[in-house]
Structures are given as C-alpha cells and as structure tokens.
1. Within the range A:156-164, does at least one residue satisfy the condition of being free of Cβ contacts under 8 Å to residues at least 40 places away in the same chain and of a type in the set (D, E, K, R)?
2. Taking into account only those residues within the range A:57-77 that are surrounded by 17 or more Cβ atoms within 10 Å (Cβ to Cβ) and either of a type in the set (D, E, K, R) or modelled with pLDDT under 95 (or both), which is farthest from the chain's Cα centre (by Cα)?
3. Applying the selection to the range B:3-40, what residues are part of a loop (DSSP other than H, G, I, E, B), touching an Asp or Glu at 6+ places or on another chain (Cβ under 6 Å) and not charged (D, E, K, R)?
4. Checking B:L94 against (1) at pLDDT 95 or above; (2) more than 14 Å from every other protein chain (Cβ to nearest Cβ); (3) touching a helix residue (DSSP H, G or I) at 6+ places or on another chain (Cβ under 9 Å): exactly one of these is not met. Which one?
5. Please indicate, with yes or no, whether at least one residue in the range A:158-171 is in contact with a His (Cβ under 8 Å, 6 or more places away or on another chain) and away from chain B (no Cβ under 14 Å).
6. Quickly run through the range A:141-178 and pick out the residues that are in a strand (DSSP E or B) and either of a type in the set (V, I, T) or more than 22 Å from A:A117 (Cβ to Cβ) (or both).
7. Before we move on, is B:E101 surrounded by 16 or more Cβ atoms within 10 Å (Cβ to Cβ), modelled with pLDDT under 95 and acidic (D, E)?
8. I'm checking my understanding of the structure. Among residues of the range A:72-89 that are part of a loop (DSSP other than H, G, I, E, B) and out of contact with any Gly (no Cβ under 8 Å at 6 or more places or on another chain), which one is farthest from the other protein chains (Cβ to nearest Cβ)?
Amino acid sequence: MIKLRLIIDEGDGAYNMALDEAMLILRSVNAIPDTLRLYVFKPSTITIGYFQSVSESVNEDFVNSHRIPVVRRPTGGGAVYHDTYGEITYSIIISEDKVPKDYVESFRFLAEGVIRAARILGAPAEFKPLNDGVIAGKKFSGQAQLRRLGVVLQHGTIMYATDIDTLAQSLLAPKLKLTHKGVRAIKERVTTISNYVGRKISKDEALEALIRGFSEALNAKLIEGSLTEVELQLASSLRWKYLSKTWTYLRP
Amino acid sequence: MTVKLTLEKEYKEPKGKYLHLKLIVNDRCCIDNMVITGDFFAYPPENIDKLSLVLKGSTLFNIDDLMKRVEGIIKNTEIIGINGRIFKELILGLLKEGLKECQRVKEK
C-alpha cells in the first residue's frame, strides 16, 4: 500500500497551475511527499493544453463576454471547461517509478480513481485510451500528463454536474476532430455523471467518491494534509507565468 | 513589399490526437514561422518549441539539411497521440510544399 498526501483545495486557474508545477519541482527534490490534490477552479476557468492554440480551441468572444479566464496548462492534451459548480480537478504528483512506464498505461493507471468514483456514484464509467473517461460512450473526464525530473504530474477532471451548454459555447473543436469522433458538435460527445444518473450529484458526494475511488484504485492510504510554506511561496512566484499573456498566447 | 505565404496541414490520428501545422514563408523562401499546435503530448515538451525555433529564419533551399535537424529533434522526442513517423513526414511534406509554392511565386 502506498501513502499519498491528500490536499483538498480551490483557487483561480493561475494559482492551480502554478501550484501543480511547484509541487512537481518540489517532489523531484523530495521536499514533499507523493500527493493527490483535489481542487475546484474558482472562478470557472478554461485551461488549454501546452501545445494548443487559443484561437483554435477557445471561443474568445464568448469567454470574454462571460469573463471566463483562459490559462495554458504545463501539461499537453485538450481544452477543458472547469465549472466551479460542476467539476472537480485532480492532480497527482508522484514519483515516476510508481507508475507504468508506458504513457497510455500510466494514464489508465492514474485515471482509475476517477473511473471508480463515477461507478460509486452510479455511472458505468470506463477508461478510453488515450486519456478519456467515458460513460455510455460520452466523455466525462479527461487526463493530461507531464513527466519531468523523475516525477509524473497527471491532471484529470470529473464532470459531475458541469453546465454543458456553457462548455459547448466556450470551447472550439476542429472539424476534422469532430468528424473522426463521428459527431457534429462538442455537445454531442460529452456528458456528466448527474446527466447519466438522472439526479443532481453534489460537490461533496463527488469529492467523497473521488477520495474512495483513488484510495481503492491506487491501493493507497490517503492522509489529509496541508500545503507547506515552500509550496505556497514557489507557487506564488510561478503564478505570474500563468497570469501572463505571453504564456497564455504562447501559441495564439 | 515582402509577400508571405501561409501553408497549413491538419492531421487527426485514428483513435489518437490532432495536429495542426502552419508554415509561414516569405518570398525569399525563408521560414518566418512554423506553428505546431494540437492536443497531443510530447516528452520533453520543449522539443516541439525547439523544432519551431530551428526552422524559424532558415531557408527552404537547404531542405535536406533542415530535415536532418528536424529528424534529430524528433528522434529525441516521444510523441504521444500522433505517430512519430507521420509527424515527421507531415513536417517534411509541408516544407517541400512551401519551397514549391515560394518558387512559383518568385517565378511570377
């Protein structure tokens, strides 16, 4: 059984990305233990993958008029709408030797906590390679990953009650990608756990299911802890990067 | 006035990820920029930025040399979600297309 520090948190997009990067750096020098952080974006935020272009993946007119911030992640993958009232994000910062070497297998291994959480809540979720969690063929969870200095940082989402209309209006998907998925619009390929089970899942229920799901999936003892002063200080320094237009529009 | 040509290529790997290449070439057949975007993963990620930097400002007349440099970087990069060979071929194809197009413009 492995031990994982559990952090339950919330904050804006720049804080969340900065803290995850700070934790990856500090884990690499053994300054912090392996950690599972479960957090909410406050306010609701769009994050885009490291290689994505803002104009290709975000409906800028819509997000500007609705004051939804856009933040570039340090991890690859696609754009995500993090709804404060319907989505919880996880980040796992763990030593690379504790996860499968193969990237797809490591996505699956670390995403299993989310899959189990959805099942606990009553939805027949499964992992779909490369990096999706699906319920009845529709995506409710996406994972992204960065490996550096012997440490894996995996981000992932669980949409328990995301406002799908806002998601669909905020994000753009290339036609080529939608055609390959056999859908005409983003809205057709996503779902939430609440939608599937037919009742509104609360944040506390989703959080509880995630804690149980990760604990079972990783055979881990989760020990609730708090952030150290050095984590907060490093995150505070890195926060400026994630707030900067230069970083966000690295690929306009 | 400098004429700039923009050439683009999109690719979606079956059951994989999306890649969009945008090559901007000037009328002297020099690369102004190669923008590589998509929802794929790469390790180390900086190598993709390095790829764009290596191409930026280079002349397309030395396409073989350019490709060797591109290959050198891709060899040391693990691309997840897009087949590495296809990734390389798409870049090479776009560079060749860029050379052809700018020569055509020059001849006009």
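1. No, every residue in the range A:156-164 fails to be free of Cβ contacts under 8 Å to residues at least 40 places away in the same chain and of a type in the set (D, E, K, R).
2. My answer is A:R72.
3. Once the filter is applied, which keeps residues that are part of a loop (DSSP other than H, G, I, E, B), touching an Asp or Glu at 6+ places or on another chain (Cβ under 6 Å) and not charged (D, E, K, R), the range B:3-40 yields only B:V3.
4. Of everything listed in (1) at pLDDT 95 or above; (2) more than 14 Å from every other protein chain (Cβ to nearest Cβ); (3) touching a helix residue (DSSP H, G or I) at 6+ places or on another chain (Cβ under 9 Å), B:L94 misses just condition (3).
5. yes
6. A:L146, A:R147, A:R148, A:V151, A:V152, A:T157, A:I158, A:L171
7. Yes, satisfied.
8. A:Y85
The values are calculated or read from the model by the stated rules, or taken from the named source; none is laboratory data. Since the model is a prediction, treat every value here as computed from it, not as a measurement. FYI the Cβ positions are ideal-geometry reconstructions off the backbone, even for glycines, and counts take in every protein chain you see.
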